[in-house]
Amino acid sequence: MKRLFSTSSKNATPSSAKYSAPEPPMAGRTATALPAATTAGLQPNYIVPPVPHPNPHEHIMLLASEDGLLMRPHCAGLPYPVSYVRVSWGKTTHIAELPSDRGRPSVDWKEGVVIYGIVGLMTLFNASYLLVITSRSDVGQLFDASHLIYGVKSVVSIPLVKDRAKSILSRMASRNTSVNRPSLLVSNVDDLQVPDEGTSGEPRVKFADEEEVKILTPRDQVEFSVNNTGRPASPASVSSGASTPASDMSMTHSPVSTIANRMSFWGRLSKRASSTSEGADIEESLLDERELFDSIIHDAAGVPDKVISSIIAATAPPPDSSEERNSELEARILRGCLREFTKGDMYFALHFDITRSLQHKHEQFTKMHTQNKLLSELDALPKDTNVNPLDDKVDALFEPSVILPLWRRVDRHFWWNEWLSKPFMDAGLHSYVTPIMQGYIQISSFDQPKDTSAMQDDSAEPVDYIVISRRSRDRAGLRYQRRGVDDEANVANFVETEVIMRVQRNGISNVFSHVQIRGSIPLFWTQSGYSMKPPPVLAPERNPAQNLDAIKRHFRRAVPVYGPHTIVNLAEQHGKEGMITNAYREYATKLDAKDVRYCEFDFHRETRGLKYENISKLINQLERVFENQGFFWVSNNMLLSKQKGVFRVNCIDCLDRTNVVQSAFARHVMSMQLEAVGLLSPPQSGKSGVEVIFNDESCIVWANNGDAISRAYAGTSALKGDFTRTGKRDLGGMLNDGVNSLARMYSATFSDWFCQAIIDFMLGYRTLSVFEEFLIKLQSTDPRELIRLSRIRAEAIATSVARVLSEGETLISGWTIFSPEQLNVKFDDRFEEKVLLLSARALYIVSYDYSLEKTKMYICVPLGAIARLEKGAYIISPLEEASRDPVQNAGFSIYWHASNKISMRMTSYSIRNCPEDALTRSPPAVSASSPTQYKPTLPRREPTKTANLSGIMSKVSENAAGATNVCFAAFKALPVDPARVRSGSSTGYAEPADDLAGATTCKQVVDMMVDSIKRACEDARNSPVITDRDVVSLTEAQKMTSIYAKLEYGVKRLIWLGGLV
């Protein structure tokens, strides 16, 4: 086993090395016995310095120089570090670690700005940005000061453009001075004592009623009205120079600006309005806009669509150029990314791993020790390595693999900024990588009485109670965009919640840990967000075999990690949720796994009439399971028990009902743990000591936990939060839940699609093309769906080859491509995704049924009959800039001479499969009437009936020949949009054909296709004419797009994009 050590990582250069799992440390080996291993040929991210390995830097200083953005660690007693890092200016960045001259420093760091850490690098349309943590909250410590946990409070994006970066850093320095942050002031480098801001000890989680907007320039602090119910403050709620627009400014908007703001994606008007001065200037501006509004109505004769179009054109037109559009879109993307990291649910630690439970770390250490012992017995370890026997002493907070960088030790499923940190990992800059986890952490403490008779101060034992929820980045997103399972067996909203409790009993420390998990039902299902309570439905394109395979692979992966699963399904067994519940029960039964037990509890039916105390029935039903599972328990550094299994709780959303039941389970486990140390008090006045603990306003961590997870997945605080705080369900809580339900529907309808695109991009699952797709379709595609579609298209090509090509016929290339259903038309009301096969003798145009997985019909055009090919822009929708781009909206037309050599075949339910008069009818004139707007999205899934197919064939026959004996077919290239796939993933995005590999635009795809057809024709001794001519130009598309299509799209923009302004 190769040891990966090095004494230095200077002058490391970026690389594209894949990640690998960390190798186990050699137990019992001292630091002096670790010679530096040869690192020749190793990538920088595989090289680590000698033990002990340094942790991520707690403070980093930034300085804008002529050559790039400079970074170095900033800490007390280290004015001149050994080295510093330079990130070059420009969109394509280069990261290098450079040695520093300590005696005569060549860089003046007095103008530097100190930050708390680096989120990562993000490359957008016009520039790259360094995302840095400028403010953090002190969440607390896990038992001692060496295990501090922080919350991300504020993140700033620094453009890697010299002048812009200097301006941003100057404002950051001014803000650090104005808000009195001693740890971020450069002058305190020699006497730095305070490492962070905020007070420790008390848990702080509190959500503001309105969303805060972070700015860089210092302004007067604006206080947010907060519904203070005794809950602690969250990292995002403590305003540090943050401000929001004044609420009364919305009253100054005229009808013109209101409509324009809602109907236009671009923010010109809002920028202009925000810079308007107060007083008379505002009144004068409003008067001018009212006059403009009246003139627009008069000129448009009151026609609604003309009025709306005129208002947008006059007050908020789209950008004039793609550069301007990219600049405005870039600002929105940055704002969205920063919002995701500063919502109050991102956490990090510098000295230990917060992504793994205590038991998981213990099992890691035991496994590595077993491996090293086996290697020692095989004499496979270095001679100076000793493997000591396992000691009976156990440290509950033990960190395995401490010789590795922190980013190599964390659980990647819960590491949310891995993709953004990749440039620093590839450069071997381990101490500049700060893993960030999404979820919730709250640390509380209370005193538990020893008995009920003694009430003195010294009759209570201190108890530390900690809740850590870790939200998975796999299938991450918002609830109506990410449901169920994907093709890699990852489920939506998967959360691992660990409860850690430390109890002092007679001077002996007892540490307990118990883990529960939640996650969406592991089947392929969807749920629309267009109504208050939409019904969940099974995905119609998935068959039972696929669902069974998905649930098998999901539990096959989860059981080895968490042990035997007890599924607790809280969804309704009847009504709207009955279909999914019945399917879950059916597939769980077919699973027939000894380590997976299925249990149902219809939460709404059992608790009808606000009787939430009926949850105790479920606990009594599972009492034996609680006893068998147990919990992780370390007493006086001795391991007494381990958790042997896990509860997997779910409802439809895995939010409200799930949180209530998990809190009840945690309460029951806590009573078992306190009983184990003899601290559980009998009921006092009808309430047990545990109930007092869970409902005390200072310790309502489970209600706060539910709110945090709900905000991450659904956008509002959890429903039924009043029960988790008080143990009672009342009318006030029901009314509040109704408001939250409306807020969730609004969020799902208005802004979730763009937020989903942001999440997919920042996690590295999609490229920048996801935002182009959003502008065209007003929604984004699941990256896993893109991967699945690539497989479907590959299968369609393979099936068509098997069904269409003659035996021995050589296939040159096969593609899937958009095309009108009929021949001899370029703009039709019905498009489909066809298969185009190029063989050595002919070109086959295949209509394929993706639902039945068979060919419907095909036309065989001999290569010798092809007369010419025309390639150019193929504009279908002129409504958005992205859909008007000729580079990404390209196609070609193929013209051939009609003759008896042109053959057509169709799939029918009779022996006849060729129209007899296919070549005798004259085609009708090609119509250029205004068709219905069409947006190419996914392959058509509707089964084609025989009657419809006969009608198509009849039209094809009519269009097969014309007065000039020339026919044509038009084709539009599919969007080039590969999804990123992480290293270690079992699937990847494959292009439909190898000869299209490397194409980044639709124009390049078309050029490659046309070139292949041309070369094949030349091999067949035919030389078709190749001309550059638009298939459908922008002018033609505008003429053929009806006013109703424009109005429909305007209304959609009002709904989808209005909430993003």
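The values are calculated or read from the model by the stated rules, or taken from the named source; none is laboratory data. Keep in mind the model is a prediction, meaning the values are calculated, not measured. Every residue, glycine among them, receives a Cβ derived from its backbone with ideal geometry; neighbour counts consider all protein chains shown. Note: areas computed on protein heavy atoms with side chains; ligands, DNA, RNA excluded. Shrake-Rupley method; radii C 1.70, N 1.55, O 1.52, S 1.80 Å.
Take the residues of the stretch 634-647 that are of a type outside the set (S, T, N, Q) and out of contact with any helix residue (DSSP H, G or I) (no Cβ under 7 Å at 6 or more places or on another chain): which is surrounded by the fewest Cβ atoms within 10 Å (Cβ to Cβ)?
The selected residue is MET638.
Can you name every residue in the stretch 624-633 that is open to solvent by 30 Å² or more (accessible area, probe 1.4 Å) and touching a residue at least 40 places away in the same chain (Cβ under 8 Å)? Give the derivation first.
Filtering the stretch 624-633 for residues open to solvent by 30 Å² or more (accessible area, probe 1.4 Å) gives 624, 627-628, 633.
Within the stretch 624-633, just TRP633 meets the criteria.
Evaluate the following for ALA396: is it modelled with pLDDT of 75 or more, within 29 Å of the chain's Cα centre (by Cα) and crowded, with 23+ Cβ neighbours inside 10 Å?
no
Out of all the residues in the stretch 1015-1045, which are assigned to a helix (DSSP H, G or I) and surrounded by fewer than 17 Cβ atoms within 10 Å (Cβ to Cβ)? Spell out the reasoning first.
Residues of the stretch 1015-1045 that are assigned to a helix (DSSP H, G or I), as a first pass: 1015-1019, 1034-1040, 1043-1045.
Scanning the stretch 1015-1045 gives ARG1015, GLU1018, ASP1019, LEU1034, THR1035, GLN1038, LYS1039, ILE1043, TYR1044.
Restricting to the stretch 701-715, name every residue that is open to solvent by 10 Å² or more (accessible area, probe 1.4 Å) and part of a helix (DSSP H, G or I).
As a first pass, look at the stretch 701-715 and keep what is open to solvent by 10 Å² or more (accessible area, probe 1.4 Å): 711, 715.
If the condition is that a residue be open to solvent by 10 Å² or more (accessible area, probe 1.4 Å) and part of a helix (DSSP H, G or I), then ARG711 is the only one that fits.
If only one of ILE1026, ILE1055, ILE1043, ILE952 is at pLDDT below 80 and in contact with a strand residue (DSSP E or B) (Cβ under 9 Å, 6 or more places away or on another chain), which one is it? Walk me through it before giving the result.
Values: ILE1026 fails: at pLDDT below 80; ILE1055 fails: in contact with a strand residue (DSSP E or B) (Cβ under 9 Å, 6 or more places away or on another chain); ILE1043 fails: in contact with a strand residue (DSSP E or B) (Cβ under 9 Å, 6 or more places away or on another chain).
Selected residue: ILE952, the only one of ILE1026, ILE1055, ILE1043, ILE952 that is at pLDDT below 80 and in contact with a strand residue (DSSP E or B) (Cβ under 9 Å, 6 or more places away or on another chain).
Might you let me know whether the stretch 822-829 holds any residue that is crowded, with 21+ Cβ neighbours inside 10 Å and either on the phi > 0 side of the Ramachandran plot or free of Cβ contacts under 8 Å to residues at least 24 places away in the same chain (or both)?
Yes - at least one qualifying residue is present in the stretch 822-829.
Please find, among THR581, THR526, THR566, THR607, the residue that is closer than 30 Å to ASP752 by Cα and open to solvent by less than 30 Å² (accessible area, probe 1.4 Å). Before you say what the answer is, go through the steps one by one.
Values: THR526 fails: open to solvent by less than 30 Å² (accessible area, probe 1.4 Å); THR566 fails: closer than 30 Å to ASP752 by Cα; THR607 fails: closer than 30 Å to ASP752 by Cα.
None of the others qualify; the one that does is THR581.
Return yes or no: is THR566 closer than 25 Å to VAL660 by Cβ, free of Cβ contacts under 8 Å to residues at least 60 places away in the same chain and β-branched (Val, Ile, Thr)? First the steps, then the outcome.
Values: closer than 25 Å to VAL660 by Cβ: yes; free of Cβ contacts under 8 Å to residues at least 60 places away in the same chain: no; β-branched (Val, Ile, Thr): yes.
So THR566 fails the test.
Of all residues in the stretch 687-700 being at pLDDT below 60 and not in a helix (DSSP H, G or I), which is least open to solvent (accessible area, probe 1.4 Å)?
The qualifying residue least open to solvent (accessible area, probe 1.4 Å) is SER688.
Would you pick out the residues in the stretch 420-449 that are open to solvent by less than 10 Å² (accessible area, probe 1.4 Å) and among the aliphatic types (A, V, I, L, M)?
Of everything in the stretch 420-449, those that are open to solvent by less than 10 Å² (accessible area, probe 1.4 Å) and among the aliphatic types (A, V, I, L, M) turn out to be LEU420, MET425, ALA427, LEU429, VAL433, ILE436, MET437, ILE441.
Residue check, MET532 against (1) modelled with pLDDT under 90; (2) open to solvent by less than 30 Å² (accessible area, probe 1.4 Å), all met but one. Which one?
Single failed check for MET532: (2).
Residues in the stretch 81-93 that are assigned to a loop (DSSP other than H, G, I, E, B) and either under 28 Å from ASP163 (Cβ atoms) or at pLDDT 90 or above (or both): how many?
Restricting attention to the stretch 81-93, the residues satisfying the condition of being assigned to a loop (DSSP other than H, G, I, E, B) are 81-82, 89-93.
Still in the running and either under 28 Å from ASP163 (Cβ atoms) or at pLDDT 90 or above (or both): 81, 89-93.
Of the residues in the stretch 81-93, 6 are assigned to a loop (DSSP other than H, G, I, E, B) and either under 28 Å from ASP163 (Cβ atoms) or at pLDDT 90 or above (or both).
Show me the strands (runs of 3 or more DSSP E) found entirely inside the stretch 799-909 where at least 2 residues are hydroxyl-bearing (Ser, Thr, Tyr).
Details: elements: 811-820, 831-839, 842-849, 854-862, 866-873, 890-897, 903-906.
Once the strands (runs of 3 or more DSSP E) in the stretch 799-909 are filtered for at least 2 residues that are hydroxyl-bearing (Ser, Thr, Tyr), what remains is 811-820, 842-849, 854-862, 890-897.
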